[in-house]
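**Q** The structure's right below; bear with me while I get my questions together.
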Amino acid sequence: MKKTIRDMRPVYVVGIGLHKYQHMSDTTFVTLGLTAVREALRDAGIEYGAVESAYTGTGLIGLAVSRPILRHLGASGIPMAQVENASASGSTAFRHACLDVASGVSDVSLAIGVDKPAMLSAAAGKTNIRDLVGARVVPFTHFALLANEYMNRYGVKPEQVAAVAVKNNRNGARNPYAQRQKAVTLEEVMAGPSISGSLTRLQCCPVGEGAAAVIVASADAITKLGIDRSRAVKVIASVTRTARLSRRQEFRC
Amino acid sequence: VFFPPPAYGCEFCGALPDQLEPTALAGVGKLHSFATVHLHQDRSGKGLQAPFTVGLIVLDDGPAVRAILTAPTDEGLRIGDRMHSVLVPAGANDEGKQIVELRFAKMEAAQ
């Protein structure tokens, strides 16, 4: 029968680490990734040698990103795989690390998300299936169209959508790893400049670089490695889905 | 009924390409959502310049298509407006020949 993570061996988050998100700089992806992984190991209180598998989520850095980062922690020969899943690369890497532990293949697994800006085009643009808009609909216009539809359907005003950016920037101001560190007012968000539809600059995510790392472990590993059980967070779910039908074909009159 | 045609197989049922057949669309429908693009980089410099407006139009024939609208801004535009397709001159190709592009325009009340 089909199982979910909840039905399998329990998985715990035992350590996390980040490298600050920032405008593109000379910092290499190795430094970004290592900073996050070393912080996660420190947070968990374990050595890199205890890690039995690694998944690196990245979109734009290049082929085989894991080993050029992780070899500097002492090459231990563990299996590594790169997960490219567009905006969901990091969370998909996390899911695979969880599945590794839940299935019993690994006791300790590492998930990394790391990226730097680069020009790389999506595979969907290379299918020879040409629509009427092509490259003129970039992600922010895709989301502006969805926002327009949502606002119309539920009677939501642009100010209410903009309030989400106020909340996000307020959270960012309290997070030393956030790229945007300044709280903003609703008036500042609404003042623009306009980007697409009702979305203004402060409602669109900044382009930048950074990294995050998560270490997940089994209950056995927590005991064996003497990890602080009171800080371990149990993973109840980690799910990936895709659209059942292309968004543009969903409507039937 | 799909647009653009799914040349590699059907997204509904997985039917093979040779089981699909071309069908003509009337090019009329209803505006489902729209967004005026204010920031756009066209590296060639010959393409469409901002501002322009993108619309999602649910065609009477079934499919919903995203298209450039003829009006550059969303002034006077409302979700639910009846729309129709038009061919619009859109510059010239490398050999100097006129290019036309399929865009959508709001139908006037009389139509």
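**Q** Go through the residues of region A:28-49 one by one and say whether even a single one is closer than 15 Å to A:Gly210 by Cα, open to solvent by less than 50 Å² (accessible area, probe 1.4 Å) and of a type in the set (D, E, K, R).
**A** Yes.
**Q** Let me ask something else about it. Restricting the search to region B:1-57, which residues are of a type in the set (Val, Ile, Thr) and open to solvent by 70 Å² or more (accessible area, probe 1.4 Å)?
**A** Across region B:1-57, the qualifying residues are B:Val1, B:Thr23.
**Q** Criterion first (free of Cβ contacts under 8 Å to residues at least 40 places away in the same chain, surrounded by fewer than 16 Cβ atoms within 10 Å (Cβ to Cβ) and closer than 24 Å to A:Gly155 by Cβ) does B:Gly96 satisfy it? Show your work before the answer.
**A** Numbers: free of Cβ contacts under 8 Å to residues at least 40 places away in the same chain: yes; surrounded by fewer than 16 Cβ atoms within 10 Å (Cβ to Cβ): yes; closer than 24 Å to A:Gly155 by Cβ: no.
The answer is no for B:Gly96.
**Q** Can you give me the number of residues within region B:53-105 that are more than 12 Å from chain A (Cβ to nearest Cβ), touching a Ser or Thr at 6+ places or on another chain (Cβ under 8 Å) and among the acidic types (Asp, Glu)?
**A** The number of residues fulfilling the criteria is 0.
**Q** Could you check, for region A:93-111, whether at least one of its residues is away from every other protein chain (no Cβ under 13 Å), among the aliphatic types (A, V, I, L, M) and surrounded by fewer than 16 Cβ atoms within 10 Å (Cβ to Cβ)?
**A** To start, the set of residues in region A:93-111 that are away from every other protein chain (no Cβ under 13 Å) comprises A:93-111.
Now narrow it down to the ones that are among the aliphatic types (A, V, I, L, M): A:93, A:97, A:99, A:101-102, A:105, A:108, A:110-111.
Filter once more, so that each one left must be surrounded by fewer than 16 Cβ atoms within 10 Å (Cβ to Cβ): A:105.
Yes, region A:93-111 has at least one match.
**Q** A further question follows. Is one or more of the residues making up region B:5-28 charged (D, E, K, R), away from chain A (no Cβ under 11 Å) and more than 28 Å from A:Thr200 (Cα to Cα)? Spell out the reasoning first.
**A** Start the filter on region B:5-28 by keeping residues that are charged (D, E, K, R), which leaves B:11, B:18, B:21.
Add one more test, that the residue is away from chain A (no Cβ under 11 Å), and what stays is B:18, B:21.
Restricting the remaining residues to those that are more than 28 Å from A:Thr200 (Cα to Cα) gives B:18, B:21.
Checking region B:5-28: at least one residue is charged (D, E, K, R), away from chain A (no Cβ under 11 Å) and more than 28 Å from A:Thr200 (Cα to Cα).
**Q** Give the residues of region A:1-27 that are at pLDDT below 95 and open to solvent by 60 Å² or more (accessible area, probe 1.4 Å), sorted by residue number.
**A** Result: A:Met1, A:Lys2, A:Lys3, A:Thr4, A:Arg6, A:Asp7.
**Q** Can you work out which of the residues in region B:69-78 that are hydrophobic (A, V, I, L, M, F, W, C) and at pLDDT below 95 is surrounded by the fewest Cβ atoms within 10 Å (Cβ to Cβ)?
**A** For region B:69-78, the residue satisfying everything is B:Leu77.
**Q** Right, here's the next one. Identify all residues within region A:22-35 that are in contact (Cβ under 8 Å) with a residue 60 or more places away in the chain and within 25 Å of A:Glu47 (Cα to Cα); write none if there are none. Working first, answer last.
**A** Taking region A:22-35 as the starting set, the residues that turn out to be in contact (Cβ under 8 Å) with a residue 60 or more places away in the chain are A:22-25, A:27, A:29, A:32-33, A:35.
A:Thr27, A:Phe29, A:Leu32, A:Gly33, A:Thr35 - these are the residues of region A:22-35 that are in contact (Cβ under 8 Å) with a residue 60 or more places away in the chain and within 25 Å of A:Glu47 (Cα to Cα).
**Q** So which helices (runs of 4 or more DSSP H) are wholly in region A:114-233 and hold at least 2 residues that are open to solvent by 40 Å² or more (accessible area, probe 1.4 Å) and touching a residue at least 40 places away in the same chain (Cβ under 8 Å)?
**A** Passing ranges, in order: A:139-154, A:219-225.
The values are calculated or read from the model by the stated rules, or taken from the named source; none is laboratory data. Because the structure is predicted, anything quoted here is derived from the model rather than measured. Please note: Cβ atoms are built from the backbone with ideal geometry, for glycine as well, and neighbour counts cover all protein chains shown. Only protein heavy atoms, including side chains, enter the accessible area calculation; ligands, DNA and RNA are left aside. Shrake-Rupley method; radii C 1.70, N 1.55, O 1.52, S 1.80 Å.
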